[in-house]
Structures are given as C-alpha cells and as structure tokens.
Amino acid sequence: MARQNTVRLYGVVSSTPEIAKDINGKNIRGIMRLSVLRSSRGSGEATSSESLIWDYPLILSVDEDVVNKMSKLKQFDIVELEGPYVTRKVIKNKKCPHCGKINSIESTLYFVMPTFMAKRNTEDLTVNESMAAVIENREISNGILILGNLCNDVNYYENGNIKSAVYQIGTERKRFVTADDPVNKADFPIVRTFGRNAYMDNICIHKGSMVFIDGYLHSKNFERISECEDCGNEFTWGDSTMEIVPYVIEYLTDFRDPEDVAREEKEAEEMEADRLLKSVRGF
C-alpha cells in the first residue's frame, strides 16, 4: 500500500525549546512550537487570500541529531523542517478544583516529528524581522500531504452560508516512532473541511473511503469537561488539537464520483428553471 504523510513547515520559533536530558546530560527529547503562516490558496474557509492567519503546530523529537539542533535554537529563529504528522495517546494529570484530586485523563497528543530540520537565519532576528521572513515565504510555510482512509462517516454542518465537515482518517506510518509503543503503526488525524469541499465530502465519501489531501495544519485550544475520580464533580480543563484543513482533496477508492454529483446538480437546476418558466407561462 502506498504511504504518504509529509509535513513541511517554515516558521518562527515561538519560545525557547524545552530540552529533556538523561542522567548523563545527553539531550534525549526536544519540544517547541513554530509560528507558521497559511498559504494564500483557498480552502473554502471564510477568509480572503490577503488574510495573514498564523498557526502554532507542536514539534517533538527524540532523534539525537534533531534534538541537538533544537537545543541551539532561540526565540525568533527561522526554522525549516520536514517530517510526518503523528498522533499519540497520552495521559494528562489534571487537578480537580473541588477536592484537589489529581485525575489521570486520556488525551491525544498531535505533533510533527522532524526527520529534517535546519535553521535558516545566520544572525539574531527581532520578532518583526522573523515574521517578515515567514510572510515572504508564506507559500511554503505550512503544508501537509497525506493519504488515509476514513475511520468514520462524515459529520456535516450548515450554519447559514457556512458549510463544514469533520472526520478522522487513519494513515499508516512510513517511519517507526522511537518513543511510541511498537504496536502503534498508524496515526489518526482529524480533518476539517469547508465550503464546497465540505459539501462534496458529505455526498461523496464515507467510512472506509481513501483520500489524498493537500492542505495545512490548524492548531487550536479548547475546553474539555471531566468527572473527578474522587468527588464525582465535573470540572473543565484546557486541551489542544491540531487538525488538517485541505486545500484539495482527491477521492481515491470507495467513493461517489464528483462528476456524477455535478451532472445531477446541473440537471436539477435545469428542471427547476423549466418548472419556474412553465409557472410563469401557465403551460
């Protein structure tokens, strides 16, 4: 089976990377966030091509070479990297505000795991200089190419003129993730589409369909509600996710042909126009 899961980012180091070391002082894990900019290509979302919309994907690595490079980075450095989009089940410890109990809650960590990373500035930059560099390279700042099968049917929403759809895909890993359980051989990102993309997704694909996506990463924070293991009271806490928003979606297997949908829509429009004309004429 063909595999494709490649993220390419060109962005600003948002804050000093967090580097974990072993007892001998060796760098073993690096975590940071990049500030990246969406392309001017349209995704169907309610934005204009002139809008500068920033996202902040999480970057995590346990590769010695990459972590060593990450340890030398400073805030406002420019970084270019490439690697797969990874999802990992984790346990997050959250304190109940009612009784103080530390609750262990299952969550998902979404991140990019660099297989290549390079610093692109030779001198220290101010925040304005680094942002200007990303704006100049906007078209390569935030991109993902990924192939996967739908894990569930499409959830479709209409709110006035705004159309959106959400579904999860499963994609096989091209590389083994050292820090993960060896039995985990796939990742399961969330896909969110807008406009015509969302409309066609709702009609054309379903659980099991294979799709190829050319899009960008959108990171966001949200609130979750959990029940305390001890006192039983509910409490809210902050979690985060990183969704894929497609510019272009190709339907590959087990789908309804978009050309058939377009033809049926045209026929329906012609029939409606003919009906209206007859109602005006009276015959």
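Using a Förster distance of 30 angstrom, determine the FRET efficiency expected from the C-beta separation of Asn128 and Thr6, and round it to 0.05.
Computed FRET efficiency for Asn128 and Thr6: 0.45.
Once amide H atoms are placed 1.01 Å from N in the peptide plane, what residues at a sequence separation of 5 or more from Ala186, or on another chain, have their amide H within under 5 Å of its amide H?
Excluding prolines and chain starts, which carry no amide H, the hits are Arg173.
Does anything in the range 1-27 have its amide N under 12 Å from the 7 Å Cα→Cβ label point of Lys185, and if so which residues?
1, by backbone N distance to the label point.
Say each of Val166 and Arg138 gets a label point 7 Å from the Cα, pointing the same way as Cα to Cβ; how far apart are those two points in nm?
2.8
Based on Cβ point charges of +1 for Lys and Arg and -1 for Asp and Glu, what charge dipole magnitude is obtained for the range 64-181 about its Cα centre, in debye rounded to the nearest 20?
Approximately 560 debye in magnitude.
Taking only protein heavy atoms into account and a 1.4 Å probe, give the accessible area per residue of the range 62-133 in Å².
Accessible surface, normalised per residue, equals 54 Å².
In a shell of Cβ-Cβ distance under 11 Å around Lys69, excluding Lys69 itself, what net charge do Lys and Arg (+1) and Asp and Glu (-1) give?
Residues close to Lys69 contribute a combined charge of -2.
Could you tell me what percent of the DSSP beta bridges with both partners in the range 26-146 are antiparallel, to the nearest 5?
Counting only bridges with both partners in the range 26-146, antiparallel ones make up about 95 percent.
Over the range 82-124, one equal point on each Cα, no solvent: what is log10 I(q)/I(0) by the Debye formula at q = 0.14, 0.16, 0.27, 0.34 Å⁻¹?
Debye intensities relative to I(0), on a log10 scale: -0.58, -0.64, -0.92, -1.06.
Of Lys74/Lys174; Lys94/Lys207; Lys26/Lys119; Lys69/Lys101; Lys119/Lys220; Lys94/Lys163, which sit over 32 Å apart, Cα to Cα?
Those over the limit are Lys94/Lys207; Lys69/Lys101; Lys94/Lys163.
Work out the FRET efficiency for Ser71 and Asp260 from their Cβ-Cβ distance, taking R0 = 45 Å, and round it to the nearest 0.05.
0.25
Please report the carbon-and-sulfur percent of the accessible area for the chain; probe 1.4 Å, protein heavy atoms only, DNA, RNA and ligands left out.
Carbon and sulfur together cover 49 percent of it.
Rg to Rh ratio, the chain, alpha-carbon atoms and Kirkwood radius?
1.06
For the range 23-79, build the convex hull from the C-alpha positions and give me its volume per residue in Å³.
Dividing the Cα hull volume of the range 23-79 by its residues yields 105 Å³.
What Kirkwood Rh does the range 38-138 have if only Cα atoms enter the pairwise 1/r average? Answer in Å.
Here the Kirkwood hydrodynamic radius works out to 16.8 Å.
At 222 nm, what helix-only mean residue ellipticity would the chain give, in deg cm²/dmol to the nearest 500, using -39500 (n - 2.57) for each DSSP H run of four or more?
Calculated from helices alone, the mean residue ellipticity at 222 nm is -6000 deg cm²/dmol.
Hey, can you rank 72-82, 231-241, 28-38, 8-18 by average C-beta count inside 10 Å, highest first?
28-38, 8-18, 72-82, 231-241
Starting from the amide H of Asp153, placed 1.01 Å from N in the peptide plane, find each other amide H under 5 Å away whose residue is 5 or more places distant or on another chain.
Lys207
Pop the C-beta distance of Lys89 and Asn24 into the FRET formula with R0 = 25 Å and round what comes out to the nearest 0.05.
0.30
Say we join alpha carbon atoms closer than 10 Å with springs in a Gaussian network model of the chain; which of Ser219, Ser104, Ser130 then has the biggest fluctuation?
Among Ser219, Ser104, Ser130, the largest mean-square fluctuation in the Gaussian network model of the chain belongs to Ser104.
Tell me, in nm to one decimal, what length is gained between Thr253 and Ser107 on full extension, where the rule is 0.36 nm per residue of separation less the Cα-Cα distance?
Extra length from Thr253 to Ser107 when fully extended: 49.5 nm.
Which of Tyr157, Tyr85, Tyr167 ends up with the largest GNM mean-square fluctuation for the chain, with Cα atoms connected below 10 Å?
Per the Cα network of the chain with a 10 Å cutoff, Tyr157 tops the list.
Return the long-range amide H neighbours of Asn121 (sequence gap of 5 or more, or a different chain), with a cut-off of under 5 Å between placed amide H atoms.
Long-range HN contacts for Asn121: Ile78.
The values are calculated or read from the model by the stated rules, or taken from the named source; none is laboratory data. Just so you know, these numbers come straight off a predicted model, no measurement behind them. All Cβ positions, glycine included, derive from the backbone under ideal geometry; neighbour counts span all protein chains shown. Ligands, DNA and RNA are stripped out before the accessible areas are found, and what is left, the full protein with its side chains, is counted by its heavy atoms. Shrake-Rupley method; radii C 1.70, N 1.55, O 1.52, S 1.80 Å.
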